[in-house]
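Okay, structure first, notes after.
The values are calculated or read from the model by the stated rules, or taken from the named source; none is laboratory data. This one's a predicted model, so the numbers in the text were calculated from it and none came from an experiment. FYI the Cβ positions are ideal-geometry reconstructions off the backbone, even for glycines, and counts take in every protein chain you see.
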Amino acid sequence: MKKTKDKKNNARAECEAENYQKIAEENLAGWQRERADFENYRKRMEKRNLDLIKFANQELLLKVLPILDHLEEALKQVPKGWEKTSWAEGIVHIKNHFKNILETEGLEEIAVKIGDKFDPRLCEAVEKENVKKEDNGDVKVKIQEDKITEVLQKGYMLNGKVARVAKVKVG
């Protein structure tokens, strides 16, 4: 009788041990999933914070870009023969220094030039030029369709993302 009781106790103990083992394995698997989820969350938050830091200055940079535009426009208006005057060279130095500061903050000019194909991701078409014809029907100016004919305002990227599109005329 004692042997049967011992066998029953042993069987019950083994059954309980197996149950506890299963519970332990389930707990371990759950803990491992939670840890992996937390690691993924931590990495997402780290990336988000880095992006926030990268683009925190975007609003300020966009507000000061017109200053760069005005300096560049002022340099285009310098009369012939006055390019080497001290004030004209001073404006060039100010513009270059200002541009260098913006570049160290991650701002870079979008390379758009006359003759390039219009790309709506980088440019905004503010005017479309039509082919002009003379009275006798001959084409006076040949304008290629969907090609940039004039850059009205430069565009800029901030850390690889478009911050301000270029404003262009297209044919």
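Could you tell me whether any residue of region 91-99 is surrounded by 10 or more Cβ atoms within 10 Å (Cβ to Cβ) and either among the basic types (Lys, Arg) or in the same structural domain as residue 160 (by TED's automatic domain parsing) (or both)?
Among the residues of region 91-99, at least one is surrounded by 10 or more Cβ atoms within 10 Å (Cβ to Cβ) and either among the basic types (Lys, Arg) or in the same structural domain as residue 160 (by TED's automatic domain parsing) (or both), which makes the answer yes.
Is at least one residue of region 111-121 among the charged types (D, E, K, R) and at pLDDT below 90? Spell out how you get there, then give the answer.
First, the residues of region 111-121 that are among the charged types (D, E, K, R): 113, 116-117, 119, 121.
Narrowing the set further to residues that are at pLDDT below 90 leaves none.
Taking every residue of region 111-121 in turn, none turns out to be among the charged types (D, E, K, R) and at pLDDT below 90.
Can you list residue pairs whose Cβ atoms sit under 8 Å apart, with the first residue in region 137-158 being farther than 12 Å from residue 127 by Cα and in the same structural domain as residue 122 (by TED's automatic domain parsing) and the second being surrounded by 11 or more Cβ atoms within 10 Å (Cβ to Cβ) and modelled with pLDDT under 75? Count only pairs 6 or more apart in sequence or on different chains.
139/131; 139/133; 140/133; 141/131; 142/131; 143/131
Please pick out the residue among 89, 72 that is closer than 17 Å to residue 109 by Cα and either small (Gly, Ala, Ser) or part of a helix (DSSP H, G or I) (or both).
Among 89, 72, only 72 is closer than 17 Å to residue 109 by Cα and either small (Gly, Ala, Ser) or part of a helix (DSSP H, G or I) (or both).
Test each condition in (1) within 30 Å of residue 98 (Cα to Cα); (2) assigned to a helix (DSSP H, G or I) for residue 78 and report the one that comes out false.
Failed condition: (2).
Assess whether residue 72 counts as being acidic (Asp, Glu), over 18 Å from the mean Cα position of the chain (by Cα) and farther than 15 Å from residue 102 by Cα.
For residue 72, the condition - acidic (Asp, Glu), over 18 Å from the mean Cα position of the chain (by Cα) and farther than 15 Å from residue 102 by Cα - is not met.
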